[in-house]
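Engineer: Dropping the structure in here first, questions after.
FYI, it's all coordinate maths here, none of it is from the lab. Not measured: the values here are computed from a predicted model. In this analysis, Cβ positions are derived from the backbone assuming ideal geometry, glycine residues included, and neighbour counts consider all displayed protein chains.
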């Protein structure tokens, strides 16, 4: 593969970096202040004004919906390889991707609707999502079963005339806490007696449908991730039109694989962006502090950690770009080993670099004065999101064993 970014990507990188410098970095404190004020007023789920103010600026500069390739509705969409370095830049600040309408789970949900939704589904839900007018949630994981094996999912999607009736309990429903969330994509069982990977289906459910209860927000190491939120959601006799079923009964796993491949690239590149930011903050801190008569940056242990961080970041980036290239050229199925590898490598790398950065900042590193502790919590959670490390390692091992079978 060619490792040099195209002129188009370089121009977008320059525009995006300039936007981050002018609008995102200077407003990091304001964003946190807004969230804190909303929490103090009793409702941390109120969307922040700063993000809504910045969205039109990003859209006016063509920095909008960059993640969605080959869509007539999003002509600005890029290939996975083109988008990857831009996603990395956005990942330097946790809330930045939303400014460019490139944040999860909306990106994966929009890709799902573009690939598998009917024209009616696209008109009702994809268009307002692409416009940044609404948000969405993805409901797959369940508290009662080991959801790392998605065949365990018990949520029932039962046909009843011209509708489906949905019953189940989901958690880690990313985005369901946001009042702008208007639609859920829900995975459940339409036929428990079918072949193991043909039992599941995915269906669109309006967030205000009767029978839906948002039970509670879930915290990640004490962080509630407001105003986005990860919610536990109960679905009780929720009735939706049959046309809301995506692709057809028993196609849930097929949709999941199509959805999760690009999403893993996005997660991994954002993780690399977070690690780059952490390394930058680490170096600045170590160079500005003196302990035991010399700058901390002159101490051997910290030089070793700085060097190791740079090596790990570069390795993760190259492997992620390789996976993106393969997805674009030979498809997700052929690239499944590389996709699994980056999903293990990138979050583990980012949590290690962030951990060292936290250590370099002393007590400040675990406080709210720096973005490190909260971002560490998020990166650590990514070792579960889109499949835990153990599942991906098992898949990699199976593919490797198959290569060397006698």
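Engineer: Pulled fully out, how much extra length does the chain show between residue 290 and residue 198, if you take 0.36 nm times their separation in residues and subtract their Cα-Cα distance? Spell out each step's value before the answer.
Structural biologist: On the way: separation 92, 0.36 × 92 = 33.12 nm, distance 6.16 nm.
Full-extension gain reported as 27.0 nm.
Engineer: How high is the relative contact order of the chain, in percent, with contacts defined as C-alpha pairs under 8 Å that are six or more residues apart?
Structural biologist: On the way: 672 pairs, mean separation 57.7, N = 406.
RCO, the chain: 14 percent.
Engineer: Oh, and also: Starting from the Cα gyration tensor of segment 1-113, multiply each eigenvalue by 5, take the square root, and state the resulting semi-axes largest first in whole Å. Don't skip to the answer; put the middle values down first.
Structural biologist: Values: eigenvalues 149, 54, 26 Å².
They are 27, 16, 11 Å, listed largest first.
Engineer: Run a plain Debye calculation on the chain (Cα atoms as equal point scatterers, no solvent) and give log10 I(q)/I(0) at q = 0.06, 0.08, 0.15 Å⁻¹, rounded to two decimals, same order as the q list.
Structural biologist: The Debye formula, applied to the Cα set alone, gives -0.24, -0.43, -1.53.
Engineer: Oh, and also: For the chain, what does the helix formula give at 222 nm: sum of -39500 (n - 2.57) over DSSP H segments with n ≥ 4, over the residue count, nearest 500 deg cm²/dmol?
Structural biologist: Working: 12 runs with 185 residues, N = 406.
Theoretical 222 nm ellipticity from helices: -15000 deg cm²/dmol.
Engineer: To the nearest 0.05, what FRET efficiency results for residue 399 and residue 369 with a Förster distance of 35 Å applied to their C-beta separation? Display every interim value, and only then the final one.
Structural biologist: Values: r = 44 Å, r/R0 = 1.27.
Here the calculated transfer efficiency is 0.20.
Engineer: What does DSSP give for segment 130-184 in terms of the percent of beta bridges that are antiparallel, rounded to the nearest 5?
Structural biologist: Numbers: 5 of 8 bridges.
So the antiparallel bridges in segment 130-184 amount to around 60 percent.
Engineer: At 7 Å along the Cα-to-beta-carbon direction for both residue 234 and residue 118, put a label point, then send me their distance in nm to one decimal.
Structural biologist: Result: 3.1 nm between the two label points.
Engineer: May I ask for the Kirkwood hydrodynamic radius of segment 135-248, worked out over all distinct Cα pairs and given in angstroms to one decimal? Intermediate results must be reported in sequence, preceding the final value.
Structural biologist: Details: mean 1/r = 0.0706 Å⁻¹.
The answer is 14.2 Å.
Engineer: Beyond 13 Å, what percent of the Cα pairs of segment 29-90 remain?
Structural biologist: Numbers: 1319 of 1891 pairs.
Looking at segment 29-90, the distances longer than 13 Å represent 70 percent of pairs.
Engineer: If you build a Gaussian network model of the chain, linking Cα atoms that sit under 10 Å apart, which residue out of 373, 316, 274 swings the most?
Structural biologist: Taking springs between Cα atoms under 10 Å, the residue moving most is 373.
Engineer: Using the beta-carbon distance between residue 6 and residue 41 and R0 = 30 Å, what value does 1/(1 + (r/R0)^6) give for FRET efficiency, to the nearest 0.05?
Structural biologist: Details: r = 47 Å, r/R0 = 1.56.
Efficiency, rounded to the nearest 0.05: 0.05.
Engineer: Percent relative contact order of segment 249-406, based on C-alpha pairs within less than 8 angstrom and at least six residues apart?
Structural biologist: 28 percent
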